[in-house]
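J.: Here you go, one structure.
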Amino acid sequence: TAVCSDNNPCTIGDVCSGGVCVPGSGALPAAVQFCNGSGIAILDATAPTQASPYPSPIVVTGQPSYLCSATVNLNGISHTFPDDIDILLARLTGSNAIVMSDVGGGIAAVGVNLTLSDAAATSLPDAGPLVSGTFKPTNVNPGTGTEAWPAPAPAPSGGSALSVFNGTNPNGTWNLWVVDDEGGDSGSMTGWCVNLVSVCTVDADCNDGNPCTDDSCD
C-alpha cells in the first residue's frame with residue numbers, strides 16, 4: 001500500500017490498494033454548531049401560510065471553506081396537526097433541501113426535538129406520531145395540502161438530502177423557510193441549529209491565531 005489522494009478533502013488517510021485509491025476513514029474535525037434560538041410561530045391562515053419569522057436565518061462565520069457534512073436540529077416542535085408543516089432549508093448560494101414535509105400525521109406534537117441526518121437509520125413517520133429522535137430528512141410526496149413556499153423563498157430543487165450542501169462554502173446565511181400547508185391547525189418551534197463539519201482546502205482557511213506562525217492547509 002502507498003499513500004494516495006482520491007481528491008476528496010473529506011476523506012483522511014487514503015491508501016492505494018490493488019491499483020485503486022481507497023478513501024480513508026480517519027477522524028475529521030468535530031461538528032461546529034450554529035443556532036437560532038428565537039421561536040418560530042407556525043401560523044394558520046390562507047395555505048400555504050408563512051411562519052413568523054419567514055425565513056428564520058442562521059449566519060455562519062469562521063469556518064473552513066469546504067463543507068463535508070451537515071445535520072439539522074429542529075427544536076421544540078409543537079403543532080396540533082404536524083402533517084401540515086413544510087420546511088425548506090436553503091442557502092443564498094442556491095442549494096436547498098425539503099428537509100421535512102407531510103410527516104407526523106394528525107397526532108398532535110408537543111415539544112418534539114428532531115435531529116435530521118442523512119446517516120440516520122429511519123425516515124420521519126408519514127402517519128405519525130412525531131417523536132423526538134434522529135431521522136433522515138423526509139418529504140412525503142405526494143402529501144396533503146399545498147407544498148409551496150411563497151416568495152421570497154427560492155424554488156425547491158426537489159431533494160431532501162442534506163448532502164446537497166456538501167462541497168460548498170458553509171459560511172454565510174442558512175435560511176429555514178417554514179409554512180403551514182393546510183387550514184385549521186397551528187403550532188410553533190423554539191428554534192433550530194445547523195451542525196457543520198468543514199475542512200480547509202486553501203491556506204487562507206487556516207489560522208491558528210498565532211501571529212508568529214505561517215499557517216498552511218495540509
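J.: Scan the range 110-124 residue by residue and report those that are open to solvent by 30 Å² or more (accessible area, probe 1.4 Å) and under 25 Å from Gly183 (Cα atoms).
T.: Listed by number, the residues that qualify are Val110, Gly111, Asn113.
J.: In the list Ser95, Ser132, Ser163, Ser78, which residue meets the criterion of being touching a residue at least 12 places away in the same chain (Cβ under 8 Å) and in contact with a Phe, Trp or Tyr (Cβ under 6 Å, 6 or more places away or on another chain)?
T.: Ser95
J.: Additional query: Identify all residues within the range 69-104 that are surrounded by 24 or more Cβ atoms within 10 Å (Cβ to Cβ) and hydroxyl-bearing (Ser, Thr, Tyr); write none if there are none.
T.: Result: Ser101, single match.
J.: Hey, among the residues in the range 4-23 that are free of Cβ contacts under 8 Å to residues at least 60 places away in the same chain and in contact with a strand residue (DSSP E or B) (Cβ under 6 Å, 6 or more places away or on another chain), which one's farthest from Thr168 (Cα to Cα)?
T.: Taking the candidates together, the pick is Cys16.
J.: Restrict the check to the range 192-204 and report whether at least one residue is open to solvent by 40 Å² or more (accessible area, probe 1.4 Å) and assigned to a strand (DSSP E or B).
T.: For the range 192-204, residues open to solvent by 40 Å² or more (accessible area, probe 1.4 Å) and assigned to a strand (DSSP E or B): absent.
J.: Can you name the residue in the range 25-36 that is surrounded by 10 or more Cβ atoms within 10 Å (Cβ to Cβ) and in a loop (DSSP other than H, G, I, E, B) and is also modelled with the highest pLDDT among such residues?
T.: So, considering only residues that are surrounded by 10 or more Cβ atoms within 10 Å (Cβ to Cβ) and in a loop (DSSP other than H, G, I, E, B), the one modelled with the highest pLDDT is Ala31.
J.: A follow-up question, please. Could you please give the count of residues in the range 125-159 that are closer than 19 Å to Pro48 by Cα, open to solvent by less than 70 Å² (accessible area, probe 1.4 Å) and within 15 Å of the chain's Cα centre (by Cα)?
T.: Going through the range 125-159 one residue at a time, the tally reaches 4.
J.: If we scan the range 67-87, do we find a residue that is of a type in the set (Gly, Ala, Ser), on the phi < 0 side of the Ramachandran plot and more than 17 Å from the chain's Cα centre (by Cα)?
T.: Yes, the range 67-87 contains a residue that is of a type in the set (Gly, Ala, Ser), on the phi < 0 side of the Ramachandran plot and more than 17 Å from the chain's Cα centre (by Cα).
J.: Filter the range 40-52 down to residues that are in a loop (DSSP other than H, G, I, E, B) and surrounded by 15 or more Cβ atoms within 10 Å (Cβ to Cβ) and give me whichever is modelled with the highest pLDDT.
T.: My answer is Ala51.
J.: Then there is this: Answer yes or no as to whether Gly209 is in contact (Cβ under 8 Å) with a residue 12 or more places away in the chain, assigned to a loop (DSSP other than H, G, I, E, B) and open to solvent by 20 Å² or more (accessible area, probe 1.4 Å).
T.: So Gly209 fails the test.
J.: Ile107 versus (1) in contact (Cβ under 8 Å) with a residue 40 or more places away in the chain; (2) surrounded by fewer than 24 Cβ atoms within 10 Å (Cβ to Cβ): which is the lone unmet condition?
T.: (1)
The values are calculated or read from the model by the stated rules, or taken from the named source; none is laboratory data. Source: prediction; values computed, not measured. Glycine also receives a Cβ, built like all others from the backbone with ideal geometry; neighbour counts cover every protein chain displayed. Areas reflect the complete protein model, heavy atoms only, side chains present, ligands, DNA and RNA absent. Shrake-Rupley method; radii C 1.70, N 1.55, O 1.52, S 1.80 Å.
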